[in-house]
Every structure is written in C-alpha cells, then in structure tokens.
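Data block below; observations after.
The values are calculated or read from the model by the stated rules, or taken from the named source; none is laboratory data. These figures come from a predicted structure and were not determined experimentally. Because the Cβ atoms are built from the backbone with ideal geometry, glycine has one as well, and the counts that use them run over all protein chains shown. What goes into the accessible areas is simple: the full protein's heavy atoms, side chains included, and nothing from ligands, DNA or RNA. Shrake-Rupley method; radii C 1.70, N 1.55, O 1.52, S 1.80 Å.
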Amino acid sequence: MRKFFQEIKADLKFKTAGPGQKLSEPSRAPRESPKAAAAAAPRPRQGPTDEAQMAAAAALARMEGRPKAKPPSSQEAIRSQVRKELRAEAAAAERGLDAEEGDVVSPAEDGAAALSVSGVYFICPLTGEVVRRDRKEQHLREAIQAYFSIDPVAASIMEIHTFNKDRERVRVGLETMAKYLDNICLHPEEEKYRKIKLQNKVFQERISCLEGIHRFFQAVGFETKTLPIPGQESTEEYYVLREEVLARLEDLRRSKEQLLSSEPVRARLDRQLCVFKPSPAAARFELPPDFYNLTAEELRREQRLRTEAVEKASMLRTKAMREKEEQREMRKYNYTLLRIRFPDGYLLQGTFYAREPVSALYTFVREALRDDWLPFELLGPGGLKLTDENLAFNECGLVPSALLTLAWDTAVMADIRAAGEEQPRSPLKPELLARVQTLS
C-alpha cells in the first residue's frame, strides 16, 4: 500500500514539473503560469473616494472631542507608560540644565517641538519691566537699591519686608523696633532712650538679624558711635539718634507706622496673553521647566521614586494613600498654562499660578471680551463645568496645562438674535485680534 501511494505522488510530481527536455538541449528558464504573473504584477493604487474622505474627516472630528482613554492597567503597560514619562521628564531636566549653563539649543536645531511659551515672566511693580522668573529677585534688589536715592526710609522698609522670608521673625523684630521708637517719641528728653546698644541680647536676636534693618536705622536718623562703658576702660558700640531729629519727631512716628504697616514688594505674574487662530493643535502643549516646582536634581529623584513605584502600581491603595498621592502631585506645579477656545475657534492663552482660584480665569476672559457683560461659562476637559470659582486650578486638575471651552448663555444669546442686533465677527477686543498669531 505504501508503494502504491509513493507511485501516485511521483506521477503527480512529474506531471507538474512542466514539459520535458532532452539532455542534449540547453536548459530553459521555468515558465510562469498566467495566474502567478498576474498576481506578481503591481496594481496601481487608487486614491480615496469623496465618501471615504468625508468619513475620515468626521472620524477625526469625533476623535478630537472624545475623552482621553483610561490609563493602562496591566503591569507591563504601566511600565511602558512610566518609561515614556521618565524620558519626557529627563528631557525637561536636560533643557533646564542647558538653560542654566547658557548653552541653549533652539527647537529647530534639535528637532524638538516648539515651546508653547518661552518661560514664566513677572512684572516689577517699581520699574514696570518684564523679567524672567530666574531674574525676578535680583531685579527687585536692583530696583529697591535704586529707590534709596529717592526715599531711603521707604526703600529700607521695602528691603526689610521683601527679603526676610520668615514672617514671624519679621513681626517680632518690628514690634521690638517700634518700642524703641515709641520710647523716643514719648520721652525725647531722656538720653537713655536715644541710645541702643548693638551688643544687647534682645537687639541681636530680634532686630540685628533682619536684612535691611541697619539701613532703616541710618535712614531715620541714627548713627553709629563708640562710647565708653561707665566705670570701665572698655567701650561699646551704640546706635545714637542725632540731635536734629528731635525737632521732627512727627517724621519719626510716620516712619514707625510705615514700618509696621508695609507689605513685601511682590512682582506680578505676567499672564503673557496671546490670541491664536483656530488650530487642530489647540490641545497640544510643550512647557518649559519653569512650570515645574522641581529642580533638575529633584526631577532625577522623582524619576527614581516613580521607577520604584512601578512595582507597587498594581497594589490596592487606601483612600488616605490616594489623597496623599494626589496632594503630592498637586505640589509638583507652580504654574499652569491655560487656553480658552471660543465658539468661533479662536484661542485665548494665559499663564496662571497653579494655586490661583478659578475666578482669576473668569476675570482674565472677561477683560479680553469686547462686551464684558455677556454671561458665559467655562467647560474643562471632558465638558465639566467650572462652577465653583473658589477652587484652585490644581484642585480642578487644570495643571500644568489645559484646554477649556467657552460657552455663551443660550437664553441671552437668543434674546440678542431676536432683537436683530448685529454681532461682531469675534467677541474678543479689536486690539487683541490685531496681534493674533498662528499656533505652531
């Protein structure tokens, strides 16, 4: 039986081998069958039909409005996602280090995406200049120093309140200082109140440690003198009020009140207001390291912590653990970049503190409107209405960036249309539309 099947197989193989050939004839190339030749020939690719193009456009529109997919739950998927985030954070850290060293590579040179903003900027209240975040304190020092030539008392008070970060220490020191000045004003004839021993323990612990306090003493009329200690051969240094100041004690009282009532000089965050034309890249953000409350070293430590957390990602967590992690995430960001998309597609962009209330955003939008009385509401990602204006941006999940949508009050807009009033081309102010940009 086996021999029978072998003969059948051999016969079939012989028939499919093609026409025979004599041993004396030159070899011929095997002929391809018509079906094989037809299959091998490439067919020209036809372009998509109009119906297919319309269906693709509709699908893209649906995808833009579709909420983000849920994060992966499998351990391998989590590892993959963390690796992506670590690479992104490492790149951000390197950009930060490059900026510090002055070796900045433009996005066009290294192929990176263009930044949505170049950094975080502040407006100096004394000079009106716009300065970058890393130069803010130095600029304030220079501005206050320049103010000494105008009003040395006010400048020294600004220095005390602005550069001493421990507010409790400042309060205690200034209250002690006020007592010194009160004693002089109440008892100008008493010489002992017009002298302050610099080595006095209370003076050293509460007053001398404050930056700017010695310049205040000089500005209000004290001078340094070395006086002998009664009954001893040694001397000590004192602050002594000059005699001519006693003739204008009212100025001394005003200086004391100004010292107690003043506040730190704070540079104001520059919103960096921008208006963009409608763009499909509205939800894409590329932020500089300024937006993160982390130094380059802290970013590296964060990477290590997140790598260790990968193994624990699949573990069950208590409510307290989840809340602690959420609080930790909220503290990672100092600032947030927000874009508001109007019904006509135009985009309004601004920079905010991560802990600012939502009411600041409503004010920002209202100030940009041609008709600021028009009622509107803001919708966050996923269409969630921002109704509680007292919540901070980081409490709403709007950090470090977010795209929001503006929706007009339907009843008011219906009344406007019924009245036949002509609506402007854009609800934004003309001066803002005059500098509209294209979102890259």
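Return the residues of region 158-202 that are in contact (Cβ under 8 Å) with a residue 40 or more places away in the chain and either of a type in the set (V, I, T) or in a loop (DSSP other than H, G, I, E, B) (or both); say none if nothing qualifies.
Within region 158-202, I160, T162, N164, V170, I184, P188, I196, L198 qualify.
When the residues of region 382-409 are filtered to those that are open to solvent by 20 Å² or more (accessible area, probe 1.4 Å) and part of a strand (DSSP E or B), which remaining residue is farthest from Y292 (Cα to Cα)?
The residue in question is W408.
For region 366-380, what are the residues that are aromatic (F, W, Y) and within 14 Å of P343 (Cβ to Cβ)? Steps first, please.
Taking region 366-380 as the starting set, the residues that turn out to be aromatic (F, W, Y) are 373, 376.
Within region 366-380, F376 is the sole residue that qualifies.
Failed condition for Q232, given (1) at pLDDT 95 or above; (2) not in a helix (DSSP H, G or I), with all others met?
With (1) at pLDDT 95 or above; (2) not in a helix (DSSP H, G or I) applied to Q232, the lone miss is (1).
I'd like to check something: does region 385-392 contain any residue that is touching a residue at least 12 places away in the same chain (Cβ under 8 Å) and touching a Phe, Trp or Tyr at 6+ places or on another chain (Cβ under 7 Å)?
Step one: of region 385-392, the residues touching a residue at least 12 places away in the same chain (Cβ under 8 Å) are 386, 388-392.
From what is left, the residues that are touching a Phe, Trp or Tyr at 6+ places or on another chain (Cβ under 7 Å) are 389.
Checked region 385-392: at least one residue is touching a residue at least 12 places away in the same chain (Cβ under 8 Å) and touching a Phe, Trp or Tyr at 6+ places or on another chain (Cβ under 7 Å).
Hey, H214 hits all of (1) in contact with a helix residue (DSSP H, G or I) (Cβ under 6 Å, 6 or more places away or on another chain); (2) under 20 Å from V153 (Cβ atoms); (3) part of a helix (DSSP H, G or I); (4) open to solvent by 10 Å² or more (accessible area, probe 1.4 Å) but one; which does it fall short on?
(1)
I'd like to verify a number: residues in region 377-411 that are over 28 Å from N334 (Cβ atoms) and touching a Leu at 6+ places or on another chain (Cβ under 7 Å), how many?
Residues meeting the conditions: 2.
Would you check if F285 is more than 24 Å from R169 (Cβ to Cβ), of a type in the set (F, W, Y) and either touching a residue at least 24 places away in the same chain (Cβ under 8 Å) or in contact with a His (Cβ under 6 Å, 6 or more places away or on another chain) (or both)?
Against the criterion (more than 24 Å from R169 (Cβ to Cβ), of a type in the set (F, W, Y) and either touching a residue at least 24 places away in the same chain (Cβ under 8 Å) or in contact with a His (Cβ under 6 Å, 6 or more places away or on another chain) (or both)), F285 qualifies.
Is it the case, given these coordinates, that R341 is among the charged types (D, E, K, R) and modelled with pLDDT of 95 or more?
yes
In region 268-295, which residue that is open to solvent by 20 Å² or more (accessible area, probe 1.4 Å) and of a type in the set (A, V, I, L, M) is farthest from I213 (Cα to Cα)?
In this case the residue turns out to be A283.
Failed condition for E263, given (1) loosely packed, with under 13 Cβ neighbours inside 10 Å; (2) out of contact with any helix residue (DSSP H, G or I) (no Cβ under 8 Å at 6 or more places or on another chain); (3) of a type outside the set (A, V, I, L, M, F, W, C), with all others met?
With (1) loosely packed, with under 13 Cβ neighbours inside 10 Å; (2) out of contact with any helix residue (DSSP H, G or I) (no Cβ under 8 Å at 6 or more places or on another chain); (3) of a type outside the set (A, V, I, L, M, F, W, C) applied to E263, the lone miss is (2).
Mind checking which pairs have a first residue in region 254-275 that is at pLDDT 95 or above and in a loop (DSSP other than H, G, I, E, B) and a second that is open to solvent by 30 Å² or more (accessible area, probe 1.4 Å) and of a type in the set (S, T, Y), Cβ under 6 Å, 6 or more apart or different chains?
Final answer for the pair search is D270/Y121.
Any residue that is open to solvent by less than 30 Å² (accessible area, probe 1.4 Å), of a type outside the set (A, V, I, L, M, F, W, C), touching a residue at least 60 places away in the same chain (Cβ under 8 Å) and within 30 Å of V130 (Cβ to Cβ) - is there at least one of those in region 356-369?
no
Do we find that S440 is closer than 22 Å to R284 by Cα and either part of a loop (DSSP other than H, G, I, E, B) or of a type in the set (S, T, Y) (or both) in this structure? Can you show your working first?
Details: closer than 22 Å to R284 by Cα: yes; either part of a loop (DSSP other than H, G, I, E, B) or of a type in the set (S, T, Y) (or both): yes.
Criteria met by S440.
Looking at (1) modelled with pLDDT under 95; (2) among the charged types (D, E, K, R); (3) surrounded by fewer than 18 Cβ atoms within 10 Å (Cβ to Cβ); (4) in contact with a strand residue (DSSP E or B) (Cβ under 8 Å, 6 or more places away or on another chain), which is the only condition D98 fails?
The one condition D98 does not meet is (4).
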